[in-house]
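Data block below; observations after.
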Amino acid sequence: MLPIREMAAWSAASYFPPVAQKQAAINKQRVVAKPYAGYFSLDMEIPTSAARALQHGPMKAEEALTPSEADLNRLISEDYHTPDQGYAVLEGLTTYVQSRVVMPGVTTEVFRWWFTWHPLEHERYTLWFPHAHIANSVADPSRLADTSLTYEERLYGNPNRVRELVGSNELDINIRFMAPEELGFDPKRLAAAGFTASASGLVGHGDHPDAVMSMMVHLARDTNAGLELISRYWIGGHPALRRFPGSEHTLDGLKAAGFNEAIVLGAAYELALHDTLEFNHLAKILPLLHARFA
Ligand code: ZN
């Protein structure tokens, strides 16, 4: 029998495709002259529990949530319990990812600051995931930067154009952040559950910006341990996404992104790993970045 070592709480990330290793070296050079260069760190770690949770194959589709209004509201109900990490393939060749990350030292205010600060320079986006993030810009930078407006006024209806690697696949996407109620969440239930910030919306391809290729949910609330972030992603032609304008272009967007039956399961795993890496890394650097630059 092998000797048993004490399980460490955190594990170094061990899987970066060569294209991501190369991107990390490029990004490191890109930030050298920036005032935040000292916050660019290639030391990516995730909780060992999260690493192990993603090592045993997909969840059963029936244990996952769909992007229907009923399931969105189930996500925020008190009696909904599910593992913190998971991935699956759902109806309509839909990649599904779920995650929950607690970010010590991060608050609603800090979370909102991040989503209004980082898209103003491509290089800021690389801090979040140095091996995978290439560029992020916003349609109206002056509105995003306008501190006289609310977070919602700055971000919603002001799409982010993102280039990033998920696994070794480079994505060019257009994220339309919007109010959670526009996606189908009941605002009363959101408030009752204590959610105070959201970075959620519909995602299209760079060449088909209005296509509904994906729904992305990031809901956050303050807890004694730090900001609790609940995330869900659905990429694909799930029937429940057909309620949104732009779903008539779903297939165009997916085709342009190279998304197909052969890769859907691998894409779900890669996205689950990407999410876990980026949000645990953000948790580490965000309180420091906020203290220095906010
Ligand atoms: Zn990312």
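Read-outs: derived from the displayed coordinates by stated rules, not from any lab. No experiment lies behind these values; they were computed from the predicted model shown. Cβ coordinates were reconstructed from backbone atoms using ideal geometry, including for glycine residues, and neighbour counts include every protein chain displayed.
Its convex hull of Cα atoms gives segment 218-294 a direction-averaged projected area, equal to a quarter of the hull surface, of 7.6 nm². With the convex hull drawn around the C-alpha atoms of the chain, the volume per residue stands at 149 Å³.
Sorted on the mean count of surrounding Cβ atoms within 10 Å across their residues, most packed first, peptides 83-91, 265-273 read 265-273, 83-91. Summing charges over all other residues whose Cβ lies under 9 Å from the Cβ of residue 163, with Lys and Arg as +1 and Asp and Glu as -1, gives -2. Where the centroid of each part is defined by its Cα atoms, how far is segment 43-75 from segment 234-253 in Å? When both Cα centres are located, 21 Å separates them. Counting Lys and Arg as +1 and Asp and Glu as -1, what is the net charge of the other residues whose Cβ lies under 13 Å from the Cβ of residue 98? Charge balance near residue 98 sits at 0. One equal scatterer on each Cα of segment 166-294, no solvent, Debye formula: the resulting log10 I(q)/I(0) at q = 0.17 Å⁻¹ is -1.00.
In units of the compact-protein estimate 2.2 N^0.38 Å, segment 22-139 shows a Cα radius of gyration of 1.31. In the chain, helical runs assigned H by DSSP with n ≥ 4 each contribute -39500 (n - 2.57); averaged across all residues and rounded to the nearest 500, the mean residue ellipticity at 222 nm is -10000 deg cm²/dmol.
For residue 218, what charge total do you get from the other residues with a beta carbon under 10 Å from its beta carbon, if Lys and Arg give +1 and Asp and Glu give -1? Net of charged neighbours comes to 0. Here segment 242-284 yields Rg over Rh of 1.14, to two decimals, using C-alpha coordinates and the Kirkwood radius. Beyond 19 Å, the tail of the calculated P(r) for segment 99-184 holds 45 percent of the Cα pairs. Between residue 26 and residue 80, the modelled labels are 3.7 nm apart [label points 7 Å from Cα along Cα→Cβ].
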